[in-house]
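The values are calculated or read from the model by the stated rules, or taken from the named source; none is laboratory data. Note that the structure is predicted; figures quoted are calculated from it, not measured. Reconstructed Cβ throughout: ideal geometry from the backbone, glycine too, with neighbour counts over all protein chains shown. For the accessible areas, the whole protein counts, side chains as well, though only heavy atoms, and no ligand, DNA or RNA atoms are used. Shrake-Rupley method; radii C 1.70, N 1.55, O 1.52, S 1.80 Å.
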Amino acid sequence: MGRRRVPTVRIGDPPRWRIEGDGGRVALGPMARWQIVPSDPAQCEDPDAPALGFEATFDEGPGWAQLSARVRNDEDRPVALERLVLFDGPLRVGEDPRRWRIYRNGYQSWSGTWTIGVDERDRDLPTAVARGAVTDARHPAPRGKGHVRSDALTAVVDPVSGDAVAVGFTTLADAFGFVEVVAPGGEDPRLSAWVDLDGTVLPPGESTPWFTVLVAEEHGGSAPGTRALRRVAEAAGAAMGARTGDGHHPAGWCSWYFYFTKVTEADVRENLAVLAADGRDGPTFGCEYVMVDDGHQAAIGDWLTTNDTFPSGMAGLARSITDEGFDAGIWWAPFLASSRSQVAAEHPDWLVRDRRGRPILGLLNPGWGLTTPMRVLDTTHPEVLDHLRHVAATIGHEWGYAIQKLDFLYAAALPGVRHDPDATRAQSLRRGLEAVRAGAGDDAFLLGCGCPLGPAVGVVDAMRIGADVTPSWTSLVGRTVGRNRHGLSTFHALLNTLTRSVLDSAWFLNDPDCLMVRDADTRLDEDEVRLLATVFAMTDGMLVLSDRLDRLPAARRALVANARALTGGTPEVVDLFERALPELLVSRHADGRVDVGLLNLTDRPRPGVVDLTRLGLADRVAPGTTALTEHWSGRPVDVRGTLVDVGVLPRHSARVVRLEA
Ligand code: 9PG
């Protein structure tokens, strides 16, 4: 394993394929190449390099092309594989690559996702340990200008011509797939798609699973690039059996962002009483579930032992929650075990180890004690899978928690030595998740968190798609090591909620993290709270509150109801491919109403003006139509022709203009 550079072996003739759009403006050149990279560089210099066979199928239709491939080991000895490159070739999109912006999907829930111009650079955390918990331990972001390696899918967009191509894997379970664009300054742009086989061993005569990449093109959409990206995401979700149910996003309350690890049973009961007065799906809070987050367990890993701040025990508390008409939710981190846990002490053979036999580090979390390393359970070990099934079943069926928030899931995909050396990191994660699902049952609602996204599609119901919100605009960690893109920060949560909105109800239900609306015990000002509420509500993912509810003043309770009035539409991040920090969010409702959100995620004020012509909504402001008001303030909005002007947008703020049908 490791990241050494290995020469490539090319086998057979490169397949020739291209997609041509209207007028041939989007093209993957005819020079695309197959490559296989074995993990042993010596094999490449060896004239008797291993005989590896390809099988491939190719399919195309108007505006799309699809390529599937697998590799067969034709040797009589095992061969280790690093990566399989499905294709690598020149890329043409639109008229001028210098205008391109490229979608950069992060590896796991908390990894930053945004669009990168060809003169910009990607950003990653500086150390391997930090990357292990937030981005990807095995693949640091490329450092070069205009070089983007996006997880599972990407889109390359010329925002001026409106030409776009989206490229993404529809097979997400067996290996992490990457789509890589190299276009420094727009020069000699190339596109490749490859899967990480993690140095796993392919026995003689056997084949890898099939891997499929779909390419979709788009010309002139109202939000350039988002339609093609959505199409690729939906195809993957369909192929993976995504669990999005009837599309209903449960709304709830979560203990974490007020009480953190100090939560007690009494705290949960106090909030439950406030929610009970409002009722399930009540007019003020609209909550359907109550989530006990981190803090109930005796130790990380010993999930079935409750600490003494929950004297009724977790089953008793679940009963009280359900008796009030709410679903009970509980947090746990299935693949972590504290070095001080009973599970780690009793089952040293369940831990993932490094090559020297030492248990690998899953995390050092200040909230759990910086001197207590977290270990990682080996989800390729049959006894671990039995254990996970048992814990999930006990929590769900015996205790009565209908909702399980599964956290720090990245641990199961950290590089390491596992019981089954043939499992890729993605397969290891998926086996762990499937064990939890098997124990919890098909009816349980599973919410993934801190999770590499692809292998969870089809197993979880919902997924956190961004960093933790913080009771402040950003955090020291987010600004420094997170380089203003990754790690705990309300700003990062907002950004990912916008950029990953295309995944909602395609791969899972999006959980943008919690909406904090309090005016005490927070450094978020009212503009920032309204911005958070606007983005979370208009993107229409899960809406989860996390305040001490009895202390919320009337105005902040009203803010929750005002946010809920913005849910239920189909969102479009209009300028996703125009700038790194989007400014225009539109939500179209079934009855014809359109909400237009003007956002300012930057640190400077800017004018809040939008031309409805570009949204195809000019007719909504025809002379004689009713006067427009801003949703949050009720203030009148200035309309000049088709220009809608909400005045200066302060830093970290949002304004919403509602256009009735
Ligand atoms: C509970 C929390 C909440 C939250 C999750 C997750 O690196 N860290 O130390 C670190 C700590 C907490 C954290 C993420 C990273 O937050 O996202 O919603 O459930 O765990 O501990």
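Dipole size of the chain about its Cα centre, with +1 on Lys/Arg Cβ and -1 on Asp/Glu Cβ: approximately 1560 debye, rounded to the nearest 20. If you take the Cα centroid of region 623-661 and the Cα centroid of region 137-153, the two points sit 39 Å apart.
Roughly what % of DSSP beta bridges within the chain run antiparallel, to the nearest 5?
Antiparallel: roughly 80 percent of the beta bridges in the chain.
Annotation: amide H-H contacts under 5 Å for Ala152 (H modelled 1.01 Å from N, sequence separation of 5 or more, or interchain): Gly177, Phe178, Val179. Within the chain, the whole DSSP H helices whose Cα atoms reach 15 Å or more along their own axis and whose mean Kyte-Doolittle score is at least -0.5 are 226-239, 265-278, 313-323, 382-393, 425-440, 526-538, 554-564. Between the C-alpha center of region 233-257 and that of region 323-388 there is a gap of 25 Å.
Ranked by solvent-accessible area (1.4 Å probe, protein heavy atoms only, all chains present), the residues His589, His486 order from largest to smallest as His589, His486.
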